[in-house]
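Asks: Please find one structure pasted underneath; my questions will follow.
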Amino acid sequence: MSVAASLGLSLLGLSVLPVLVSGCLVDGRGGVRWYEARRDPTGLAPDPATTREAVIQVYAARAVSWRGVFSVHTWFAVKPTGAERFTRYEVLGFGVANGTPAVRVNRTGPDNYWFGARPQIILDRCGPGVDVMIEDIRAAVARYPYPHEYRAWPGPNSNTFTAFIARQVPELGLDLPSNAIGEDFLPGGALFAAAPSGSGFQVSLYGLAGILLALDEGIELNILGLNIGVDAAVPALKLPAIGRLGLDR
């Protein structure tokens, strides 16, 4: 077998096997219907009544139904200094076909369960300088180029939105999970863009194929929207469907 064929089979295995493993994992939702799944607060967000400083958090939780085998859903939660509540920004596909905007604000609390899936904090910023970034995030939300469009694969979807905001506010240094399908869908059909973390660059063909090189993300290869990569700075293997395996950032 040639080297090219061996490499191709290896990449295929790294793309398919994690999806099969992810499909077998129990995520705690126990087969509950999506509309009956819990959506209450998790307590991950600080209480604004006792936290006066500015806060930015980015969350990721397994997507609803079968989509959760492949991908996570991501969103922003921000609170300026002295604010009495968080503001949550995200993109949803529910109702978009009937004219509902894709960009939603405060549909639920900042840290609530996502239809039974407990979210994880993938970015947490607080203190001096955060208020400026919050204003930049708000401005970037207003500039998002797909406010009335949604497509689960390859995008634009919730992760396309989160990655767009991250590129517009590189000071965040956001490293999105490798199972955030849609993060590589570049607006306007662009082929080149900064990495979401702002620490490198990427080449992407409509989110279906591409490569990313960055100090924060490491090296990521996109095959049909599934990302395979290696983080050398904080050693970890980045797999489709499963996500990060290694040291936690």
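Asks: DSSP H helices in the chain with Cα extent of 30 Å or more along the helix axis and mean Kyte-Doolittle hydropathy at least 1.0?
Replies: What comes out of the filter, once short or polar helices are dropped, is 3-24.
Asks: Using a Förster distance of 25 angstrom, determine the FRET efficiency expected from the C-beta separation of LEU245 and ILE223, and round it to 0.05.
Replies: After rounding, the FRET efficiency stands at 0.90.
Asks: While we're on this one: Cβ under 14 Å from ASP136's Cβ, ASP136 left aside: what net charge do those residues give with Lys, Arg +1 and Asp, Glu -1?
Replies: +1
Asks: Between ARG151 and ARG52, what's the calculated FRET efficiency when r is the beta-carbon distance and R0 is 45 Å? Round to 0.05.
Replies: 0.65
Asks: Hey, can you rank 228-239, 147-158 by average C-beta count inside 10 Å, highest first?
Replies: Going by the mean number of other Cβ atoms within 10 Å, highest first, we get 147-158, 228-239.
Asks: With a sphere of radius 11 Å drawn around the Cβ of GLY246, what net charge do the other residues whose Cβ falls strictly inside it have (Lys, Arg +1; Asp, Glu -1)?
Replies: Around GLY246, the surrounding residues sum to +1.
Each reported figure results from applying straightforward, stated rules to the coordinates on display, with no laboratory input. Keep in mind the model is a prediction, meaning the values are calculated, not measured. Virtual Cβ from ideal backbone geometry, glycine too; neighbours counted across all protein chains shown.
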